[in-house]
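Right, one structure below, let's go through it.
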């Protein structure tokens, strides 16, 4: 009887210990999630909560700004390294403090966040400040912004985790070149690695060892800072003929933005092409398309060189262009990257009056036979579906140059953009010297 009683007590005690252990483990997990969420709220609580900014700027934000939301972000005063920004002191001194005491500060007259954040939000921020901050100076060289680590070993981790959204070269998200971002904003990048990005699906990686995460930052800093040439040249092919490149159907009728007040001398589906309005020289009505059957009166795209990628994608999706329903996100990104970084000044290559290439083709006479001759033939007559290459390059050298740099849509033609300018000019000159007739 007594033995049975002790056995039951032992079992009950074990069950209680298991329950308490599970509760403790759940509490740890909840705390970790709370810390990471607090880091995202510290970044931008309005985006994380999908909430509007207060109507008036934070009265305690000393820097003059018209951006009300910016004045209410914790990071605007305390910095990505948590050591202060915009003449405000940092919060590293609060590391290890009682979260309840930090909540009291967030609710005081100077901060006043209780009017906009609920108790759980404030507690998450407090836990991040108390338990989640790291000393950025242990991880990043302040003078150079470089991570204090060798990052190549983290390539597999990046390519299987981060690349799902950012792409293998960190270029997949519109307007975000991860290589440039990690070099220009290392503290922000590291903060996001630890906590994720507000209002997004980016995971918090703080469960991993700090050394691993600073190595991950180091790898990100090795990524290309400019858009991938693969993206730029594909954008050039989309500019040339997006429905050929993508295999998608063309809407019926004229493009809504194509001028209908004048006689249309091109096929209706051509009016949906970027080049048909903006020209092979990218200057629209002010370039080679200033007259003739391709004249539309529409401006070129040269003014958009260097423009923000997000702005360009917004333009491509607007009611005037209407490509949002026709092209994928990747298509739009590639096209925007081409407009931003892929245009060249065609006058550097082609004399606009004579239409002749500004090169001496004899300087690179070996290039055409070895690079182009396999498909086009030694005399440029081999492709049966097009005219003699010499004639094409002389009739419209701007079109020829665009295709030399970016390739031809949906074909295996290489894009020779990586060649230097002099070689491209000489190659153009060689092609223009080829026979202009299929038969001679």
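For segment 71-102, name all the residues that are under 25 Å from residue 34 (Cβ atoms) and not in a loop (DSSP other than H, G, I, E, B). Within segment 71-102, 74, 75, 76, 77, 78, 92, 93, 94, 99, 100, 101, 102 qualify.
Here is a check on your reading of the model: is residue 182 touching a helix residue (DSSP H, G or I) at 6+ places or on another chain (Cβ under 8 Å), in the same structural domain as residue 208 (by TED's automatic domain parsing) and in contact (Cβ under 8 Å) with a residue 60 or more places away in the chain?
Values: touching a helix residue (DSSP H, G or I) at 6+ places or on another chain (Cβ under 8 Å): yes; in the same structural domain as residue 208 (by TED's automatic domain parsing): yes; in contact (Cβ under 8 Å) with a residue 60 or more places away in the chain: no.
For residue 182, the condition - touching a helix residue (DSSP H, G or I) at 6+ places or on another chain (Cβ under 8 Å), in the same structural domain as residue 208 (by TED's automatic domain parsing) and in contact (Cβ under 8 Å) with a residue 60 or more places away in the chain - is not met.
Residue count for segment 324-340, restricted to those that are within 17 Å of the chain's Cα centre (by Cα) and buried (at least 18 other Cβ atoms within 10 Å of the Cβ): 11. Against the list (1) crowded, with 19+ Cβ neighbours inside 10 Å; (2) touching a strand residue (DSSP E or B) at 6+ places or on another chain (Cβ under 7 Å), the condition residue 279 fails is (2). Sub-7 Å Cβ pairs linking a first residue in segment 101-120 that is under 19 Å from residue 89 (Cβ atoms) to a second residue that is not in a helix (DSSP H, G or I), at least 6 apart or interchain, are 105/111; 110/60; 113/107, ordered by first then second residue. Here segment 418-427 is the region considered, the condition is being in contact (Cβ under 8 Å) with a residue 12 or more places away in the chain and over 16 Å from residue 236 (Cβ atoms), and the residue that is surrounded by the fewest Cβ atoms within 10 Å (Cβ to Cβ) is 421.
Residue-wise test of (1) at pLDDT 75 or above; (2) assigned to a loop (DSSP other than H, G, I, E, B); (3) crowded, with 17+ Cβ neighbours inside 10 Å.
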{"position": "13", "(1), (2), (3)": "no, no, no"}
{"position": "18", "(1), (2), (3)": "no, no, no"}
{"position": "36", "(1), (2), (3)": "yes, no, yes"}
{"position": "52", "(1), (2), (3)": "yes, yes, no"}
{"position": "57", "(1), (2), (3)": "yes, yes, yes"}
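Is one or more of the residues making up segment 377-384 crowded, with 16+ Cβ neighbours inside 10 Å and not assigned by TED's automatic domain parsing to the domain that holds residue 423? The answer is no; no qualifying residue exists.
Being in a loop (DSSP other than H, G, I, E, B), outside the structural domain of residue 165 (by TED's automatic domain parsing) and surrounded by fewer than 18 Cβ atoms within 10 Å (Cβ to Cβ): is that true of residue 415 here?
When the stated conditions are applied, residue 415 does not pass them.
Do we have residue 231 as touching a helix residue (DSSP H, G or I) at 6+ places or on another chain (Cβ under 8 Å), surrounded by 19 or more Cβ atoms within 10 Å (Cβ to Cβ) and at negative phi here? Yes; evaluated as a whole, the condition is true for this residue.
Considering 208, 194, 243, 157, the condition of being within 18 Å of residue 134 (Cβ to Cβ), part of a helix (DSSP H, G or I) and more than 16 Å from the chain's Cα centre (by Cα) is satisfied by 194 alone. Taking segment 251-284 as the range and being farther than 16 Å from residue 320 by Cα, part of a loop (DSSP other than H, G, I, E, B) and modelled with pLDDT under 95 as the test, the residues that pass are 252, 261, 262, 263, 264, 265, 266, 267. Residue 203 meets each of the listed conditions (1) farther than 20 Å from residue 404 by Cα; (2) assigned to a helix (DSSP H, G or I) apart from (2). Being surrounded by fewer than 21 Cβ atoms within 10 Å (Cβ to Cβ), within 19 Å of residue 233 (Cα to Cα) and not assigned by TED's automatic domain parsing to the domain that holds residue 167 is the requirement here; does residue 308 meet it? Yes, satisfied.
If the condition is being assigned to a loop (DSSP other than H, G, I, E, B) and either free of Cβ contacts under 8 Å to residues at least 24 places away in the same chain or buried (at least 16 other Cβ atoms within 10 Å of the Cβ) (or both), then segment 398-411 contributes 407, 408, 409, 411.
On inspection, residue 153 does not qualify as without any contact (Cβ under 8 Å) to a residue 12 or more places away in the chain and either out of contact with any helix residue (DSSP H, G or I) (no Cβ under 8 Å at 6 or more places or on another chain) or not assigned by TED's automatic domain parsing to the domain that holds residue 69 (or both).
The values are calculated or read from the model by the stated rules, or taken from the named source; none is laboratory data. Owing to the predicted nature of the structure, the values given are computational and were not obtained by experimental measurement. Cβ atoms come from the backbone with ideal geometry, glycine included; neighbour counts cover every protein chain shown.
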